[in-house]
Amino acid sequence: MSGFEGSYLGANDRISAAAVMECKICWTPYDPAEGDDYRQVLPGTPFADLPEDWHCPGCGAPKAQFMVLSDPGSAEAAMAADIAHRTALLEADFREIWNSKMKDVPIVNAALHVQAVGFRGWEGRLLGVLISPWFLNLVILPAADEDWSTLQPGAKEVIGFPSGDYEFIHNTREMVGGYKACSLFSPMADFTSQLQAVEVARAIMAALFEAEHRDHTDRAADIRAQRQAELDAVAAAEESAQEGSLGDAPLPSRRALITAGMSEA
Ligand code: FE
């Protein structure tokens, strides 16, 4: 089920020509592939092209009482198909690496397998997590109108999210083409099952967009904040020394610096 909830209310621009509609009162469907024999509506007629006085063949309710049952032509459906296609290529590339190079490497966790998790549209590109027996990475795939085939493998790029800034490394593979990856875990010895890795991947995809994690993940901001706190403490101590009192300004506690994005979280 895709599209919008509630009634259609005449919003023709929100449904595609392939949308299958349903009367919300008696659940009679309107399938454009079938048309409507009773009103002599030909097969292939989109719901939006039905006459305004068309009404439910089941209960007589007006057009506006219909809602989307499924819409294979919707933007959401097209996006879902694109995500499925491109993540399948990404998985195929890394399965090939697993089979050809990694299987017998001691650091791999054989309880895990290659799986793309939580991929979604993000700023016109696709963003998600790729799990493998030897890493868990954030991965960005290009927008439809972008050519990442000439990305320089190994080049680094810092990309900002609400939760912080992350270092991505450029790369290309035969099937998926160019992509950018940020390593969150490697190796994967601490994971006991694929399910656990998938749960962590889903949690990362949620946490990535939560600003309250920023202090813990943005290393540069963390260092800056700590340095400023130290400078403030020194200034406060000097000030109170000049006033003749004891320098009792508390020294800032040293915050543990996160070394690799959320991998310490
Ligand atoms: Fe009806």
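Using a 10 Å cut-off on Cβ atoms, rank the peptides 92-100, 181-189, 64-72 from the highest mean neighbour count down. Show your work: numbers first, answer last.
Numbers: 92-100: 15.3, 181-189: 17.1, 64-72: 18.9.
Packing order, densest peptide first, comes out as 64-72, 181-189, 92-100.
Say R0 is 41 Å: what FRET efficiency, to the nearest 0.05, do Ala11 and Met175 get from their beta-carbon distance?
Working: r = 39 Å, r/R0 = 0.95.
That pair, Ala11 with Met175, gives E of 0.60.
With a ≥ b ≥ c the root eigenvalues of the C-alpha gyration tensor of the range 38-191, is it rounded (a/c under 1.5), prolate (a/b larger than b/c) or oblate? Could you put the intermediate results ahead of the total?
Working: a/c = 3.00, a/b = 2.51, b/c = 1.20.
Judged from the Cα gyration tensor, the range 38-191 comes out prolate (a/c at least 1.5, a/b above b/c).
Can you tell me the accessible area per residue over the range 26-102, all protein chains present, probe 1.4 angstrom, in square angstrom? Walk me through the numbers on the way to the answer.
Numbers: 4310 Å² over 77 residues.
Per-residue value: 56 Å².
For the range 1-73, what relative contact order do you get, as a whole percent, if you take Cα pairs closer than 8 Å and at least 6 residues apart?
In percent, rounded to a whole number, it is 48.
For the range 1-73, what is the per residue volume of the convex hull drawn over the alpha-carbon atoms, in cubic angstrom? Don't skip to the end; give the middle numbers.
Details: hull volume 5.4 nm³, N = 73.
Looking at the range 1-73, the number lands at 74 Å³ per residue.
For the range 49-137, what value does the Rg/Rh ratio take when both radii are computed over Cα atoms and Rh is the Kirkwood radius, given to two decimals?
Radius of gyration over Kirkwood radius for the range 49-137 works out to 1.32.
Quantify, in whole percent, the carbon and sulfur part of the accessible surface of the range 1-73 (1.4 Å probe; protein heavy atoms only).
On the way: 2210 of 4170 Å².
Accessible surface attributable to carbon and sulfur in the range 1-73 totals 53 percent.
Give me the lysines in straight-line cross-link reach of Lys103: C-alpha distance below 25 Å, same-chain residues under 8 apart excluded.
Lys180
Assuming a viscosity of 1.306 mPa s and a temperature of 10 °C, what translational diffusion coefficient in µm² per second does Stokes-Einstein assign to the range 102-158, Rh being the Kirkwood radius over Cα pairs? Don't jump to the answer; show the numbers that get you there.
Numbers: Rh = 13.3 Å.
My calculation gives 120 µm²/s for D.
The values are calculated or read from the model by the stated rules, or taken from the named source; none is laboratory data. Bear in mind that the values here come from a model prediction, so they are computed numbers and not experimental data. In this analysis, Cβ positions are derived from the backbone assuming ideal geometry, glycine residues included, and neighbour counts consider all displayed protein chains. The accessibility values were calculated without ligands, DNA or RNA, using every heavy atom of the protein model including side chains. Shrake-Rupley method; radii C 1.70, N 1.55, O 1.52, S 1.80 Å.
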